[in-house]
Amino acid sequence: MPEPPLLPRAPADRARVRALAYAIACEVHPVDNLCVLDPLRSAFGADDEAVTAWVRHWVAQTFAPLECMLANDRRTGRFCHGDTPGLADLCVYAQVLNNRRFGVDISPYPTIARIFDACAALPPFAQAAPKCQPDAE
């Protein structure tokens, strides 16, 4: 088992963390990957501006309800669920990093931004950032 654990012990809390993580992993992440963005360009003639608009649209569709889920739940702490990072924080961190490639403004999502900053302050998150990987360009 990872330490700290990626999911809380209580079933209802586990379900909440999964719901937060899945909001990103199932709603926005799949539609802003190269396997979708490249065909937008090649098959449908989307230019960089259209691709950026596509990504920003889907981020907003996911981040607006995610922000509400996080901001309006007392279980949200320094991180998505309490004061220890977990599965949902991994997803938030990765998605916000990906959003930066498209200039997505996350100021409308202050809770998400705060959680991202809390994650980024932790060495394991910072070391996992794409720019720190051996194949980074």
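The values are calculated or read from the model by the stated rules, or taken from the named source; none is laboratory data. These numbers were taken from a predicted model, which means no experiment stands behind them. FYI the Cβ positions are ideal-geometry reconstructions off the backbone, even for glycines, and counts take in every protein chain you see.
State which residue is surrounded by the fewest Cβ atoms within 10 Å (Cβ to Cβ) when the search covers only region 41-83 and only residues that are closer than 18 Å to VAL104 by Cβ and either modelled with pLDDT under 95 or in contact with a Leu (Cβ under 8 Å, 6 or more places away or on another chain) (or both).
ALA50
The conditions are (1) out of contact with any His (no Cβ under 7 Å at 6 or more places or on another chain); (2) surrounded by fewer than 18 Cβ atoms within 10 Å (Cβ to Cβ), and ASN98 fails exactly one of them. Which is it?
(2)
For region 84-117, which positions are out of contact with any Asp or Glu (no Cβ under 8 Å at 6 or more places or on another chain) and of a type in the set (A, V, I, L, M, F, W, C)?
LEU87, ALA88, LEU90, CYS91, VAL92, ALA94, VAL96, LEU97, VAL104, ILE106, ALA113, PHE116
For the subset of region 1-40 comprising residues that are among the β-branched types (Val, Ile, Thr) and closer than 26 Å to PHE102 by Cβ, which member is surrounded by the most Cβ atoms within 10 Å (Cβ to Cβ)?
Result: ILE24.
A quick yes/no check of all residues on (1) among the aliphatic types (A, V, I, L, M); (2) more than 19 Å from ALA21 (Cβ to Cβ); (3) more than 15 Å from the chain's Cα centre (by Cα):
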{"position": "CYS68", "(1), (2), (3)": "no, no, no"}
{"position": "ASN72", "(1), (2), (3)": "no, no, yes"}
{"position": "PHE79", "(1), (2), (3)": "no, no, no"}
{"position": "THR84", "(1), (2), (3)": "no, no, yes"}
{"position": "ALA94", "(1), (2), (3)": "yes, no, no"}
{"position": "PHE102", "(1), (2), (3)": "no, yes, no"}
{"position": "ALA120", "(1), (2), (3)": "yes, no, no"}
{"position": "GLN127", "(1), (2), (3)": "no, yes, yes"}
{"position": "GLN133", "(1), (2), (3)": "no, yes, yes"}
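In contact with a helix residue (DSSP H, G or I) (Cβ under 6 Å, 6 or more places away or on another chain), more than 19 Å from ILE115 (Cα to Cα) and of a type outside the set (Lys, Arg): is that true of LEU40 in this structure?
Yes, satisfied.
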